[in-house]
Amino acid sequence: MSTANAAENGLNLPPDFSLKLCENIATWRYEDLPESVVRMLKFFLIDTLGVIGGASKAPGIAELNQRLSRWESSGSATGLVGGRRYSPPTAAMANGAAAHALDFDDMHDFGRVHTNCVVLPTLLATAQDIGAVSGKDFLLALAIGTELHARLGLACYDSLGKGWHPTMVLGTLAASLAAGRLLKLDAEGLRNALGMAYHQASGSAQSMRDGVISKRLGPGFAARAAVVGAFLAADGLTGTRESLEGSAGLFALYERNQVKPELLMDGLGKTWRIDEYSFKPYPGCRCNHTSIGIAIGLHNEGIVAEDIETVEIRMGEVNWLTVGIPYEVSRDSVVHAQFNVSYSFARALIDGEVGLHSYQRPAISDPRVVALAEKVRVVVDTTIGKTEIAPATIKLTFKDGRTMTVQKTTIKGSQQEPMTDQELLTKFRGCLSYGMNAAPDDANRLAQTILNLENQVDAVGVMMWAFPKAPAGC
């Protein structure tokens, strides 16, 4: 990196910051991965493949695959919903959109990134085009993409607050480097893959604020760009060299130099952010989940919606920007319901649970739920950090004048309040049953294949073999 660029950015970055990142990850080996990291990687695979299977009934996914299959009828990679053959970029797009369609996919809460809706589809498509990729090589690439996505999210700590969708923007970069490792690129080749990905990186948060289908397509766009970037780098094409640190690089252009680069580089390859990831117990935006948990607790205490006069939900500013607008039932939008804390709270309090059925038509227009949602007011709590995702305070005012306030600072599915292995496997089986009509034995076969993945010669081949066959009409 030029001295001028370093001074202009004011971040005191060392020369060739992007290259140093690539040099670091070029040295990683499977044998260096801690046992806890390998275990998490396997559960990422189980969770994400389950969610992809469940998405076959999600609005927009059938239409997307119908369009893509009109344009492509063959290729070296597979779209899991429907089992269609596509080119690798198109398969990555189809699987990435499916992985995010239920908003049920893993998340690094502190980094504000959903990861395996981008990284895993990228690697599945890349590996299928390569041919047989060993389980160890596949898991190593998955570790690279997942760790880098978390660290980029932490370094770019207010990306969502600036209006970006960091799952997309940062996921494109992380996934391209993961795919580059599968393609055996050296450090310079990885820098080109990163540069090709950065040149394509995009993704606005407006789609989630508007509650529209394009939100769930975003990770598919990111995965497609990552695949294209990695393969073009493998073919010798050059990408931007100062993708992170340049005067028009990620940190300056996208993040306005509001970045903590040390959170990307310090301890990279030695200490692990992978262990910090969360799995989602409820579909819908993660910003809703603390409020959902509180509402389920209130239901279990016998609180009845008809006794409530008003509800006030207090949350951090970025959460409020994402899910805090009033619920508009006239939209008849599943995505709007997924990204609305008023609806999600009302649904959870009335039903005592939130599952895949909670964000479907006609449930999103349930008059009893809508009536309670209309009593909810969502406000920014300035005592909560702007980017904090977990804390929420809910105040109920009852028709008889009583009030009740509940505060929660942890979020179900996180490392502070983890889901058990059994809960994760139950979610996995439920998703595959919901979307693929898969029997428990079919789901268990896929789970056991993944849990033994490091011993496989062709990791993706065995996962594709074990993935339940698509029901008619997908």
Heads up, segment 36-76 by the C-alpha gyration tensor (a ≥ b ≥ c square roots of eigenvalues; a/c under 1.5 rounded, else a/b over b/c prolate, else oblate) looks oblate
Going by Cα centres, segment 52-73 and segment 331-352 are how many Å apart?
25
Would you calculate the separation in nanometres between label points at residue 214 and residue 76, each defined as 7 Å from the Cα along the Cα-to-beta-carbon direction?
3.2
Charges only on Cβ, +1 for Lys and Arg, -1 for Asp and Glu: so what's the dipole of the chain about the Cα centre, in debye to the nearest 20?
760
Between 130, 43, 62, whose Cα lies farthest towards the positive end of the dipole of segment 1-139 when Lys and Arg beta carbons carry +1 and Asp and Glu beta carbons carry -1, centred on the Cα centre?
62
Just to confirm the number: angle between the C-alpha axis of helix 214-234 and the first principal axis of the chain, 0 to 90 degrees, nearest 10?
10
Suppose every K and R has +1 on its Cβ and every D and E has -1 on its Cβ; what is the size of the dipole of segment 123-253 about the Cα centre, in Debye to the nearest 20?
300
Using a cut-off of 13 Å between alpha-carbon atoms, which aspartates and glutamates can reach residue 162, once sequence neighbours fewer than 8 places away in the same chain are excluded?
255, 317
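Which shape class, rounded, prolate or oblate, goes with segment 293-430 when its Cα gyration tensor gives a ≥ b ≥ c as root eigenvalues, a/c under 1.5 marks rounded, and past that a/b bigger than b/c marks prolate? Please list the in-between numbers first.
Working: a/c = 1.31, a/b = 1.10, b/c = 1.19.
Because its axes are fairly even, with a/c under 1.5, segment 293-430 counts as rounded.
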Just going by the charge dipole of the chain, with Lys and Arg at +1 and Asp and Glu at -1 on Cβ, which of 212, 153, 238 is farthest out on the positive end?
212
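Which entries in the list 136/260; 215/280; 136/270 go over 27 Å, if you measure between the two C-alpha atoms of each?
136/260
Just reorder 20, 270 by solvent-accessible area, largest first, 1.4 Å probe, all chains present.
270, 20
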Alpha carbon centre of segment 380-425 versus segment 170-233: separation in Å?
33
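Once you have the Cα-Cα distance between residue 403 and residue 382, take 0.36 nm times their residue separation minus that, and quote the gain in nm to one decimal.
Contour length minus the Cα-Cα distance gives 5.4 nm.
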For segment 256-297 and segment 119-163, compute the distance between their C-alpha centroids and round to whole Å.
15
How much solvent-accessible surface does residue 421 expose, in Å² to the nearest 10, with a 1.4 Å probe and all protein chains in place?
70
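If you take the square roots of the eigenvalues of the alpha-carbon gyration tensor of segment 43-192 and sort them as a ≥ b ≥ c, do you get rounded (a/c under 1.5), prolate (a/b over b/c) or oblate?
Details: a/c = 1.74, a/b = 1.16, b/c = 1.50.
Judged from the Cα gyration tensor, segment 43-192 comes out oblate (a/c at least 1.5, b/c at or above a/b).
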Taking every DSSP bridge whose two residues both lie in the chain, the antiparallel percent to the nearest 5 is 75
Excluding same-chain residues fewer than 8 positions from residue 184, which aspartates and glutamates have a Cα within less than 18 Å of its Cα?
23, 31, 32, 129, 137, 235, 458
When all protein chains stay in place, what accessible area (Å², nearest 10, 1.4 Å probe) is found for residue 235?
110
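From Cα pairs below 8 angstrom and at least 6 apart in sequence, can you work out the relative contact order of the chain, rounded to a whole percent? Don't skip to the end; give the middle numbers.
Numbers: 1003 pairs, mean separation 92.8, N = 474.
Value for the chain: 20 percent.
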For a label point 7 Å along the Cα-to-beta-carbon line of residue 271, residues of segment 170-199 with backbone N under 20 Å:
none
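Could you please put 457, 51, 329 in sequence from largest to smallest accessible area, using a 1.4 Å probe? Present the calculation step by step, with values, prior to reporting the outcome.
On the way: 457 115, 51 0, 329 55 Å².
Largest to smallest exposure gives the sequence 457, 329, 51.
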Using helices alone, what [θ] at 222 nm do you get for the chain, with -39,500 (n - 2.57) per DSSP H run of 4 or more residues, divided over all residues and rounded to the nearest 500?
-15000 deg cm²/dmol
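The values are calculated or read from the model by the stated rules, or taken from the named source; none is laboratory data. Worth saying up front: this structure is predicted, and the values here are computed from it rather than measured. Cβ: placed from backbone, ideal geometry, glycine included. Neighbour counts: every protein chain shown. Calculation scope for accessible area: heavy atoms of the full protein, side chains included, ligands and nucleic acids excluded. Shrake-Rupley method; radii C 1.70, N 1.55, O 1.52, S 1.80 Å.
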